[in-house]
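A short worksheet on the structure shown next.
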Amino acid sequence: MPWKEVDTMSLRKEFVDLAQQAGSNIRELCRRYGISSRTAYKWLKRYEQAGEEGLLDRSKRPRHIAVVTGPEMESRVLAMREDTGWGGRKIAKVLREQGHERVPHANTITDILRRAGRLEAVEQAKHQPVERFERSQPNELWQMDFKGHFATLNGRCHPFTVLDDHSRFCLGLKACGDETGQTVKDHLQTIFRQYGLPKAILCDNGGPWGGGYPQLELSQLAVWWIRLGIHPQHGRPAHPQTQGKEERFHRTLKTELLQGRSFSDLADCQRQFDPWRDRYNLLRPHEALQLDPPVRHFHPSGRSFPEILPPVEYDSGTIVRKVHSGGDITYHDLKYRVGKGLVGQYVRLHPTTTERVFEVYFCQYMVRIISVIR
């Protein structure tokens with residue numbers, strides 16, 4: 001079977017990296033990438049024999065990287081800096097992995113950049129050690145958000161980004177024309193089919209993720225996640241640092257791709273987003289990952305995306321109510337609000353140890369606590 005119409009070379013590299021992860025399911029990966037097992041093992045064998053060059057089509061002439069030193073190496077360092085905006089450690093790591101001989105030490109490369117006026121004192125002062133918090137395994141938590149929208153020559157682009165908390169692997173970078181829940185759902189379905197389902201998703205408190213201040217209500221998007229067995233999580237209001245990895249990723253995206261560049265329309269944005277995402281995932285050394293690229297710390301989820309949602313079922317004998325069009329339920333002829341995102345769904349009321357106080361659940365997710373008036 002053929003590879004899908006994207007960037008064939010980057011898809012092959014991504015597939016190989018994921019297939020080499022411990023405990024990977026080759027058959028499941030083949031299904032998600034739309035290739036036969038014969039094709040998969042062919043590229044795995046070629047990669048084992050010749051590295052990335054083995055992933056090139058046989059009709060293409062293999063690239064030969066000459067040994068460079070002195071002024072040529074310095075020019076290469078400056079060119080990579082110009083192209084990526086990376087610092088000495090990242091450039092040194094990538095040059096070595098590309099097979100160059102006599103690659104200077106990272107400190108030497110930093111000196112080259114400094115002598116060439118490519119480093120600013122303010123920028124250097126930012127690089128201080130920080131305390132990092134992350135999930136212990138891939139797919140335990142995904143973070144997602146919209147990067148601040150910007151103008152193209154024909155409308156505005158709203159970049160939608162999805163990041164794995166543990167590995168920093170970018171699961172999605174999509175050029176969108178709006179920030180609606182349906183747009184997010186359409187893109188997430190593609191991502192879920194490719195990489196499987198996470199245990200939880202972290203997002204902020206605004207639309208399309210949630211709403212209804214002062215008490216946050218579930219959006220239709222969050223209701224869909226819950227039915228998929230995904231736990232929605234929200235950052236504290238006015239605390240963007242809760243999604244620090246997304247914020248940092250957006251800053252990298254702006255610095256390395258968006259800043260000082262113009263785009264004609266959404267299609268042009270996506271054409272430039274795709275190769276940048278590949279470079280970020282497959283090549284770019286990450287400081288928080290011991291200068292490994294994110295793909296080396298990621299593997300797809302073992303939970304596949306169900307094309308048909310499972311039914312919502314509750315144990316017999318429980319108090320079940322349907323959510324009306326206004327986002328309310330009725331109990332003892334009185335209305336209690338649970339949220340418009342749940343309209344048409346069924347919720348259950350679970351009594352607490354406090355008299356006339358109930359916890360309201362949708363599936364296994366507690367929506368809110370209500371006090372019943374009699």
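The values are calculated or read from the model by the stated rules, or taken from the named source; none is laboratory data. Keep in mind that what you see is a predicted model, and the values were worked out from it rather than measured. Positions of Cβ are backbone-derived with ideal geometry, glycine not excepted, and every protein chain shown enters the neighbour counts.
Here the condition is being of a type outside the set (Asp, Glu), exposed (fewer than 13 other Cβ atoms within 10 Å of the Cβ) and modelled with pLDDT of 90 or more; of Ile370, Ile308, it holds for Ile308 alone. Considering segment 96-111 alone, what residues qualify as being surrounded by fewer than 20 Cβ atoms within 10 Å (Cβ to Cβ) and farther than 16 Å from Tyr280 by Cβ? Matches in segment 96-111: Arg96, Gln98, Gly99, His100, Glu101, Arg102, Pro104, His105, Ala106, Asn107, Thr108, Asp111. Residues that are modelled with pLDDT of 60 or more and surrounded by 11 or more Cβ atoms within 10 Å (Cβ to Cβ) within segment 116-129 comprise Ala116, Arg118, Leu119, listed in sequence order. Scanning segment 69-96 for residues that are assigned to a helix (DSSP H, G or I) and touching a residue at least 60 places away in the same chain (Cβ under 8 Å) yields a total of 5. When the residues of segment 132-147 are narrowed to those that are farther than 24 Å from Ala22 by Cα and in a loop (DSSP other than H, G, I, E, B), which ends up modelled with the lowest pLDDT? Among residues in segment 132-147 that are farther than 24 Å from Ala22 by Cα and in a loop (DSSP other than H, G, I, E, B), the one modelled with the lowest pLDDT is Arg132. No other residue among Ser325, Ser304 is of a type in the set (Ser, Thr, Tyr), over 30 Å from Glu82 (Cα atoms), in contact with a helix residue (DSSP H, G or I) (Cβ under 8 Å, 6 or more places away or on another chain) and not in a helix (DSSP H, G or I) apart from Ser304. Annotation note: of Lys60, Lys4, Lys42, the sole residue that is in a loop (DSSP other than H, G, I, E, B) and either within 27 Å of the chain's Cα centre (by Cα) or at pLDDT 75 or above (or both) is Lys4.
Can you tell me which residue within segment 9-23, out of those that are hydrophobic (A, V, I, L, M, F, W, C) and under 16 Å from Pro300 (Cβ atoms), is modelled with the highest pLDDT?
Out of the qualifying residues, it is Leu18.
Looking across Val338, Val343, one residue alone is under 33 Å from the mean Cα position of the chain (by Cα), touching a residue at least 24 places away in the same chain (Cβ under 8 Å) and outside the structural domain of Ala200 (by TED's automatic domain parsing). It is Val338.
Any idea which residue in segment 175-228 is modelled with the lowest pLDDT, counting only those that are out of contact with any His (no Cβ under 7 Å at 6 or more places or on another chain), assigned to a loop (DSSP other than H, G, I, E, B) and among the polar types (S, T, N, Q)? This residue is Gln215.
Checking each residue in segment 347-366 for being under 31 Å from the mean Cα position of the chain (by Cα) and either assigned by TED's automatic domain parsing to the domain that holds Thr180 or hydroxyl-bearing (Ser, Thr, Tyr) (or both) picks out Tyr361, Tyr365. Every condition in (1) modelled with pLDDT under 85; (2) surrounded by fewer than 16 Cβ atoms within 10 Å (Cβ to Cβ); (3) among the hydrophobic types (A, V, I, L, M, F, W, C) holds for Ile26 except the one numbered (1).
For His231, the test of being surrounded by fewer than 19 Cβ atoms within 10 Å (Cβ to Cβ) and at pLDDT 90 or above is passed.
Can you tell which of His332, His299 is more than 30 Å from Ala92 (Cα to Cα) and either crowded, with 16+ Cβ neighbours inside 10 Å or not assigned by TED's automatic domain parsing to the domain that holds Ser24 (or both)?
None of the other options fit; the residue is His332.
Condition first: crowded, with 16+ Cβ neighbours inside 10 Å and outside any strand (DSSP E or B). Now tell me which residues in segment 148-174 satisfy that. The answer is Asp165, His166, Ser167, Arg168, Phe169.
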